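Okay, structure first, notes after.
The numbers here are math on the coordinates, done by the rules we state, and not lab data. The model shown is predicted, which means the values in this text are computed figures rather than measured ones. Glycine gets a Cβ as well: all are built from the backbone with ideal geometry, and neighbour counts include every protein chain shown.
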Amino acid sequence: MIYKPLPDLPPPLESVGLIGWIKENLFSSKLNSLLTIIATVFLWKAVPPLLSWAIFDASWALSSTENACSPEKHGACWTFIFEKFRVLMFGLYPEQYLWRPILTFVIFLTVCSLTIFRILRTKLLITLWFILPLPLFLLINGGMGLDIVEQSLWGGLMLSIELAAIGILMSIPLGIVLALGRRSDLIVVKTLCISAIESIRGVPLITILFMASVMLPIFLPEGMNFNNLLRVQIGIILFSSAYIAEVVRGGLQAIPPGQIEAASSLGLKRWKVTYLVVLPQALHHVIPSLIGRCVALFKDTSLVIIVGLLDFLGMIKASAQDPEWLGNDTEAYVFCALIYWIICFSMSQYGKSIERRNQW
């Protein structure tokens, strides 16, 4: 008699599909079941009033009218955001020249899309990113046949993105150089790098912004002066570079000495060992920390308001103090938080995609 095994039985219904997912993720233990119940009660109490305020009872008029945000309405007044949208995005930038920052933003988004979807080769993308700031700056600032727009008129989200993008592009390579210099065998180079890193990391960003905005012009030669925006940008780059240098140094320390010795035994020069063997692995190890520093840098741009630059948050505060729109600061800050969250979440998701592509 030949033994024939019976076919496999289907898994229990409570372990697959939606029921299985709920059981595994929400009710897998007594503690998780209690937390799920508490979270459900909280959402049941908090979400309906929030939706009522933000959507159902809100004012969605695209232009200001007498009854657009009347006191009888208990919902959000999004009309305020529509009315102040241009100021929130571009600050006091002249209206007749708005096509220039809009075109700059379109070009910036295009390059971001090319980077995210890896349409171009890596070396070409890196070259493009480092060449891009100059023509975009000339487009916004003026020159080469375009009328000059005073940088004191720049503001809003445009200014925040500009400070963050230039800061990230410049601080990452500078931070890598400082990290390599800190591990150098040359005492002079090592001492200078350590002094620069520890001096900058020892003070808050607010202090550096004050120094760049107020103290730096005092030490410049007579007749030489940089505008306030450039000084603040330099301060942000130096501050971010010091922290990125420590992040990269952590990645460099994670490389086993055997790999460096093996590469050197093949006859590679030291700079080739660093460029081809050490740096790629070190940067791979610290991708989450680098993305975290980039997110922090974007959020830190809100501190420039203390030196007279009206970035996105600064314009939100200024717009909420308009006598015609007093009492709408809640909507302003909710809109500000939403924009910050979208940008920071997008950066973190891009970092995760880089990690997935570089899994070994």
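Which Cys in the chain stand alone, with every other cysteine's Cβ at 4.7 Å or more from theirs?
Singleton cysteines: CYS112, CYS193, CYS294, CYS336, CYS344.
Please go through the residue pairs LYS317/LYS352; LYS45/LYS299; LYS123/LYS352; LYS190/LYS272 and name each one whose alpha carbons sit more than 26 Å apart in this structure.
On the way: LYS317/LYS352 33 Å; LYS45/LYS299 31 Å; LYS123/LYS352 21 Å; LYS190/LYS272 20 Å.
Cα-Cα > 26 Å for LYS317/LYS352; LYS45/LYS299; rest within.
What are the residues whose amide H is under 5 Å from the amide H of LEU146, where those residues sit 5 or more places off or on another chain and H is modelled from the backbone?
Close amide H contacts, sequence-distant or interchain: none at all.
Could you give the length gained by full extension between LEU62 and SER152, i.e. 0.36 nm per residue of separation minus their alpha carbon distance, to one decimal place? Kindly include the intermediate steps, with their values, before the conclusion.
Values: separation 90, 0.36 × 90 = 32.40 nm, distance 2.87 nm.
The span from LEU62 to SER152 would gain 29.5 nm if fully extended.
I'd like the GluC sites (Glu not before Pro) in the range 222-291 restricted to DSSP loop residues with at most 11 other Cβ atoms within 10 Å, sorted by number.
Values: sites: GLU222, GLU246, GLU261; in loops: GLU222.
Here the sparse-neighbourhood loop sites are GLU222.
Determine the shape class of the range 214-286: with a ≥ b ≥ c the square roots of the Cα gyration tensor eigenvalues, call it rounded for a/c under 1.5, and otherwise prolate if a/b is greater than b/c, oblate otherwise.
Numbers: a/c = 4.72, a/b = 2.73, b/c = 1.73.
Prolate.
Given H placed 1.01 Å from N in the peptide plane, which residues other than close sequence neighbours of SER59 have an amide H under 5 Å from its amide H?
ALA76, CYS77, TRP78, THR79
For TRP341 and ARG357 in one chain, what is 0.36 nm times their gap in residues minus the Cα-Cα distance, to one decimal in nm? Please report the intermediate quantities before stating the final value.
Working: separation 16, 0.36 × 16 = 5.76 nm, distance 2.42 nm.
Stretched fully, the TRP341-ARG357 segment lengthens by 3.3 nm.
Roughly how many whole Å is it from the C-alpha centroid of the range 88-142 to that of the range 290-325?
Their Cα centres are 20 Å away from one another.
Given labels modelled 7 Å from the Cα in the Cβ direction, how far is it in nm from GLN281 to THR207?
So the label points at GLN281 and THR207 sit 3.7 nm apart.
Can you give the FRET efficiency for ALA262 and VAL334, using 1/(1 + (r/R0)^6), R0 = 35 Å, r = Cβ-Cβ distance, to the nearest 0.05?
Numbers: r = 55 Å, r/R0 = 1.58.
It comes to 0.05.
Can you tell me how the range 212-349 classifies by the Cα gyration tensor, rounded, prolate or oblate, using a/c under 1.5 as the rounded cut?
Here the range 212-349 falls in the oblate category.
Simple spin-label model, 7 Å along Cα-to-Cβ: LYS317 to ARG86 in nm?
In this crude spin-label approximation the distance works out to 2.5 nm.
Of all the stretches in the chain, which is the longest one without any exposed loop site, taking trypsin sites (Lys or Arg not before Pro) in a DSSP loop (any state but H, G, I, E, B) with at most 13 other Cβ atoms within 10 Å?
Working: sites that count: LYS73, ARG118, ARG121, LYS269.
In the chain, the maximal stretch lacking such sites is 122-268.
Taking the Cα-to-Cβ direction at LEU6 and at VAL111 and moving 7 Å from each Cα, how far apart do the two end points lie in nm?
Each label point lies 7 Å from its Cα, and together they span 6.7 nm.
Are there any helices in the chain, counted as whole DSSP H runs, that stretch 24 Å or more along their axis by Cα and score at least 1.0 on average by Kyte-Doolittle, and if so which? If you can, show how the numbers build up before the last one.
Numbers: long enough: 30-51 (31 Å, 1.32); 99-116 (25 Å, 1.75); 156-182 (37 Å, 1.84); 228-253 (38 Å, 0.97); 329-357 (42 Å, 0.24).
Correct list, ordered by number: 30-51, 99-116, 156-182.
Looking at the range 59-157, which GluC sites (Glu not before Pro) are DSSP coil and have at most 14 other C-beta atoms within 10 Å of their C-beta?
Qualifying residues, ordered by number: GLU66, GLU72, GLU150.
Which one, [x] 1.38; [y] 1.08; [z] 1.29, gives Cα Rg over 2.2 N^0.38 Å as derived from the coordinates shown?
Identified label for the calculated read-out: [z].
For the range 163-246, rounded, prolate or oblate, judged on the Cα gyration tensor with a ≥ b ≥ c (square roots of eigenvalues), a/c < 1.5 rounded, else prolate if a/b > b/c? Numbers along the way, then the final one.
On the way: a/c = 2.05, a/b = 1.58, b/c = 1.30.
Here the range 163-246 falls in the prolate category.
Subtracting the Cα-Cα distance from 0.36 nm times the residue separation, let me have the gained length for ILE19 to LEU98 in nm, one decimal.
Working: separation 79, 0.36 × 79 = 28.44 nm, distance 5.32 nm.
Gain in length upon complete extension: 23.1 nm.
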